[in-house]
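Asks: Handing you this structure, nothing more for now.
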Amino acid sequence: MTRYFEVLRRDGPARQGKLMLDVPISTPAIISEKDYSFPGSAYDFGSMEEVLASSPISEKTKKPAAEKLAILPYVPSALHVEPPFDLPDHEIEGPKGFVLHPFYIEKPKKADVYVMAGAGSIRNPRDLISAVIGVRAKIPSDTALYAPALATPANLAFLIYLGIDLIDATRVIADTYFGRYHTRDGVKALADFDELPCRCQHCQRLAVESENTQALVGHNVQKLEEELALLREMVRKETIREYVERQVRVTPELTAALRLLDQEHKYLEARAPQYRRSILYANTAESLCRVEVTRFAHRVLERYSAPKSDVLLLLPCSARKPYSKSRSHRFFALAIGSHRRYLHELILTSPLALVPRELEEVYPAANYDVPVIGHWDLEERAWLCRCLDAYLKKNKYTKIIAHLEGELEQTVKEHGIDAAFTGGGTNETALSRLSEAIQDACQGTMRLGDKRVAQYKAVADYYFGSGAGDLLLAGKVKVKGREIQEENGKALAMMTPNGSIALSLTGARRLEPMEKYIVTIGDFLPKGSLLAPGVTDADEQIRPGDEVIIRGEKAFGIGRAKMSGWEMVESTRGVAVELKHIQEI
Ligand SMILES: [Zn+2]
C-alpha cells in the first residue's frame, strides 16, 4: 500500500508523480538530504544492536521527523555481489524509503520510495537497463524509484525515460572537485574551454575566477535543474521520446543505451499509451523501433482484415495527414473515381509500413511526420517488404496496381510483388496512367460494401481485437455523421477526432462477450473517475488511452483508461479510468 506516492501522468515509462512529504515534491525531481533522513550503511554502526536501534523515526511520536522521507539503514555490497545479510523491516508512520540491491532482490519490503543501491557505480548501459527493469518488475508501479549519484544533464533524459522518478545532484557536485563542467552536451574539463557556453550568473563568475569551486557547483547544479524542468515539460506534453532520441546523440554510450532499451520491447510496450497528443517524429533510426510503430504494424497484420476485394491499389503516403486530405491523395481519388467501390487501398510509408485506407485516421497514422527525401534505406525496405509479405499472405487479391514512384516502386518491384506498376506521380499523364490501370483491373470484379461501415469495422478490430467489428456491427446498421447506429437510430459507436472509437452502452454490450478490454470493479457504483483501489481485475492488454468496458455487480459502463490494465490491478492510488457513461444495474 503506497500512501505517500502517486503517479499522476505517464508518457511511456516516464512518469510524473507526487511524493507527499511535508512539502510535497513533484516528480521527476532532484532530492537532497533536506528531503530525507538516512542512518546509512549498517557497517557505520558499532554493533548490530545499534543498527537495529537506529531508526529514522522519532522515539516519542513514532513518526519520522518533519515528515521527511525515512530511508532505512542498509547492508552495502558491490553491484553484482549479494549482500551478506539482511536487516529486519521497520514499521514507519510516514513516507518510507528502502534501499534495494538491483541484482539481488527477492521480495522488497513495503515502501513508498525504493533507492537503487550502487546506482552511481553503474557504467555499463546494459547493467543500468537491466537494473531498472529488474527493480520495476519487483516493486509496485505506484512507488517511486530513486537512483542516487547517477544523473548528469546529459543522461537525465534517458534516466527519466527509463522510469527513474528521483535523482540527486551528487554526481555533478562531486565532479566539480575535479574541475568538470557539465552541460546537456556532456562533461568537459573547465580548463579546456576557451569560452564558456553558458551565461548563468555562476559562469559569469567563473569567467574571471576559474578556480571558484562554488561557482562551478552552482553552474553544474543549475544545468541539472534546467534539464529536469525541460523534461517535466516534455512528459506533460507527451513528447519525451522525441527528445530522448535527440538527446542520446551526445555520446555513443547513450545512443547505445537507447538502442538496448528498445530491445526491451515488453517493458516499453506495457507502458506505451494508445494515443499521444503530440506528433510522432520519425527522425532517427531508432524511430523504427518505437512501440507505437511496431504496435501499429502488428495490429494491421494481426487484428485487421481487409474487406474482400479483387483489386488492391498501392499508394505512397503524403506529408499531410490523414492522407485523404492531402493534395496528392485528392488527385488519386479523382483518378480512381467511381471505381473506388471496386478496389481496396493500401498506403505504403515509413516507418509504419502499411496503412489501410480505413485506418488512416488512427494514431499514429494520422499523427506522424518523417523526413522525406525519396530515399529508402535497407532497413526501411526490409521492414516494408516483411510487412507487405505478411499482409498479402493474409489478405488475398487477384490483381495489384502499384502507383508508386522512385525507390519505393523499385523496392516493391525488386521484392517480386506481382503488380501493374504505373510509375506513380500526380501530373496529368501519371493520373491517366493510373485511371487506365484501374479501369483495366476492375473489369468484372466484385463490388465492395459500404466504405464507411468498413472503416468502423476496421477501427473496432484495431482497438478491440479481431472479430470486434463483426460483433459491433452485427445486423443492420447505418452511418450518420461520425456515428454508427442500429437501424432504429440507437447509437453503437462514434469515431472520435483522434481516430479512435467511442462506444455507446449498447455498443459496449455488443462487445462484452469478447471478454476483452474489461475492467472489473467491486460492489459499488463509481462516479466521475474510477480509482485504482476499486478495480478488482483488468484486461492485461489495456493501455493508457484505451476505451474500456467497466463491469461490476452494481454497474456497467464505459471509460477511457488512464493507466495500463496490469497497473490498475497492482496500484493502490491514482485514477484508473475516466468514466464516460455508467449505468446502475
Ligand atoms: Zn553556467
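The values are calculated or read from the model by the stated rules, or taken from the named source; none is laboratory data. Small disclaimer: the values here were computed from a predicted structure and weren't measured. Here Cβ is always computed from backbone atoms with ideal geometry, including for glycine, and neighbour counts include all displayed protein chains. Ligands, DNA and RNA are stripped out before the accessible areas are found, and what is left, the full protein with its side chains, is counted by its heavy atoms. Shrake-Rupley method; radii C 1.70, N 1.55, O 1.52, S 1.80 Å.
Asks: What tally of residues in region 548-581 results from selecting those that are closer than 16 Å to P13 by Cβ and over 23 Å from the mean Cα position of the chain (by Cα)?
Replies: Residues in region 548-581 being closer than 16 Å to P13 by Cβ and over 23 Å from the mean Cα position of the chain (by Cα): 0 in total.
Asks: Another question, then. Restricting attention to region 311-335, which residues are surrounded by fewer than 18 Cβ atoms within 10 Å (Cβ to Cβ) and either closer than 16 Å to Y391 by Cβ or in contact with a Lys or Arg (Cβ under 6 Å, 6 or more places away or on another chain) (or both)?
Replies: Within region 311-335, just S326 meets the criteria.
Asks: Another question, then. Pairs under 9 Å by beta carbon, first residue on the phi > 0 side of the Ramachandran plot and within 13 Å of the ligand (Cβ to nearest atom) in region 210-238, partner among the small types (G, A, S) and at pLDDT below 95, six or more apart or different chains?
Replies: none
Asks: Please return the ranges of strands (runs of 3 or more DSSP E) entirely within region 483-578 where 1 or more residues are within 24 Å of L472 (Cα to Cα) and out of contact with any Cys (no Cβ under 8 Å at 6 or more places or on another chain). Before the answer, list the steps.
Replies: Details: elements: 483-486, 491-495, 501-503, 518-521, 529-531, 535-538, 547-551, 555-561.
The strands (runs of 3 or more DSSP E) meeting that bar are 483-486, 491-495, 501-503, 518-521, 535-538, 547-551, 555-561.
Asks: Same structure again: Can you give me the number of residues within region 323-342 that are in contact with a His (Cβ under 9 Å, 6 or more places away or on another chain) and among the aromatic types (F, W, Y)?
Replies: Residues in region 323-342 being in contact with a His (Cβ under 9 Å, 6 or more places away or on another chain) and among the aromatic types (F, W, Y): 2 in total.
Asks: Okay, next question. Would you mind finding the one in T183, T239, T255, T213 that is within 30 Å of R276 (Cα to Cα) and touching a Ser or Thr at 6+ places or on another chain (Cβ under 6 Å)?
Replies: Answer to the check: T239.
Asks: Tell me which residues, restricted to region 146-158, are surrounded by fewer than 23 Cβ atoms within 10 Å (Cβ to Cβ) and free of Cβ contacts under 8 Å to residues at least 60 places away in the same chain.
Replies: P148, A149, L150
Asks: Then there is this: Run K18 past the list (1) modelled with pLDDT of 85 or more; (2) loosely packed, with under 12 Cβ neighbours inside 10 Å and report the number of the one that doesn't hold.
Replies: The number of the failed condition is (2).
Asks: OK, next. Counting only residues that are within 13 Å of the ligand (Cβ to nearest atom) and of a type in the set (S, T, Y), which one in region 175-209 is surrounded by the fewest Cβ atoms within 10 Å (Cβ to Cβ)?
Replies: Looking at residues that are within 13 Å of the ligand (Cβ to nearest atom) and of a type in the set (S, T, Y), I get T183.
Asks: Please enumerate the residues belonging to region 505-539 that are touching a Gly at 6+ places or on another chain (Cβ under 8 Å) and free of Cβ contacts under 8 Å to residues at least 40 places away in the same chain.
Replies: T520, I521, G522, D523, F524, T536, A538, D539
Asks: Take region 479-518 and flag every residue that is farther than 19 Å from Y275 by Cα and among the β-branched types (V, I, T).
Replies: Hits for region 479-518 are V479, I484, T506.
Asks: Turning to a different aspect of this structure: Going by the conditions given, is G120 on the phi > 0 side of the Ramachandran plot, in contact (Cβ under 8 Å) with a residue 24 or more places away in the chain and either touching a helix residue (DSSP H, G or I) at 6+ places or on another chain (Cβ under 9 Å) or within 16 Å of the ligand (Cβ to nearest atom) (or both)?
Replies: For G120, the condition - on the phi > 0 side of the Ramachandran plot, in contact (Cβ under 8 Å) with a residue 24 or more places away in the chain and either touching a helix residue (DSSP H, G or I) at 6+ places or on another chain (Cβ under 9 Å) or within 16 Å of the ligand (Cβ to nearest atom) (or both) - is not met.
Asks: From R357, R341, which residue is among the charged types (D, E, K, R) and buried (at least 20 other Cβ atoms within 10 Å of the Cβ)? Break it down stepwise before answering.
Replies: Numbers: R341 fails: buried (at least 20 other Cβ atoms within 10 Å of the Cβ).
Answer to the selection: R357.
Asks: Given S55, S121, S130, which one is among the small types (G, A, S), surrounded by 16 or more Cβ atoms within 10 Å (Cβ to Cβ) and at pLDDT 85 or above?
Replies: Working: S55 fails: at pLDDT 85 or above; S121 fails: surrounded by 16 or more Cβ atoms within 10 Å (Cβ to Cβ).
Unique residue meeting the criteria: S130.
Asks: I would also like to ask the following. Looking at the structure I just gave you, is K107 among the charged types (D, E, K, R), closer than 27 Å to Y267 by Cα, open to solvent by 40 Å² or more (accessible area, probe 1.4 Å) and within 33 Å of the chain's Cα centre (by Cα)?
Replies: Considered against the rule, which asks whether it is among the charged types (D, E, K, R), closer than 27 Å to Y267 by Cα, open to solvent by 40 Å² or more (accessible area, probe 1.4 Å) and within 33 Å of the chain's Cα centre (by Cα), K107 comes out as yes.
Asks: Looking for whichever is modelled with pLDDT of 95 or more, surrounded by fewer than 18 Cβ atoms within 10 Å (Cβ to Cβ), assigned to a helix (DSSP H, G or I) and in contact with a Pro (Cβ under 7 Å, 6 or more places away or on another chain) here; the options are L260, L268. Which one fits?
Replies: None of the other options fit; the residue is L260.
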